[in-house]
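Participant: For reference, the structure I am asking about is given below.
The values are calculated or read from the model by the stated rules, or taken from the named source; none is laboratory data. Note that the structure is a prediction, hence the values are computed from the model and not measured. Ideal geometry is used to build each Cβ from the backbone, glycine not excepted, and the neighbour counts take in all protein chains shown.
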Amino acid sequence: MTPITEIGVLLELNERELRDDINTIDNPARKAYYTGFAKTALEVRKRNIELSKAGSPSADEAVRGYINKLMRDL
């Protein structure tokens, strides 16, 4: 969930080059970025599902949003 700009700063990489690499299909930087993003997003969704089951209204709303997004994607 770290923006590309911050990743570039932290890794001392040129932001423009990093952004181009991430936007290039089959580039290893793209795979690394999206793998990290997907793993983090999955953790967030799992946690929201747990909180929703425990009765959290905001987590329930987030879970409903995930379901709606999934249905649109299908």
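Participant: Have a look at T35, T5, T24 and point out the one that is among the hydroxyl-bearing types (S, T, Y) and touching an Asp or Glu at 6+ places or on another chain (Cβ under 7 Å).
Facilitator: Criteria check complete, one pass: T5.
Participant: Related question: State which residue is farthest from the chain's Cα centre (by Cα) when the search covers only segment 1-43 and only residues that are of a type in the set (S, T, N, Q) and either part of a helix (DSSP H, G or I) or at pLDDT 95 or above (or both).
Facilitator: Of the residues in segment 1-43, the ones of a type in the set (S, T, N, Q) are 2, 5, 14, 23-24, 27, 35, 40.
Those left that are additionally either part of a helix (DSSP H, G or I) or at pLDDT 95 or above (or both): 5, 14, 23-24, 27, 35, 40.
Details: T5: 15, N14: 22, N23: 15, T24: 18, N27: 18, T35: 9, T40: 6 Å.
Checking each candidate, the answer is N14.
Participant: When only residues in segment 44-66 that are hydrophobic (A, V, I, L, M, F, W, C) and under 16 Å from the mean Cα position of the chain (by Cα) count, which is nearest to E15 (Cα to Cα)?
Facilitator: Going through segment 44-66, the residues hydrophobic (A, V, I, L, M, F, W, C) turn out to be 44, 49, 51, 54, 59, 62-63.
Restricting the remaining residues to those that are under 16 Å from the mean Cα position of the chain (by Cα) gives 44, 62-63.
Details: V44: 27, A62: 31, V63: 33 Å.
Here the answer is V44.
Participant: Just to be sure I understand the filter: pairs with C-beta atoms under 7 Å, separated by 6 or more residues or on different chains, first member in segment 55-74 and within 13 Å of R45 (Cβ to Cβ), second member outside any loop (DSSP other than H, G, I, E, B) and of a type in the set (D, E, K, R). Which pairs pass?
Facilitator: Qualifying pairs under 7 Å: Y66/R45.
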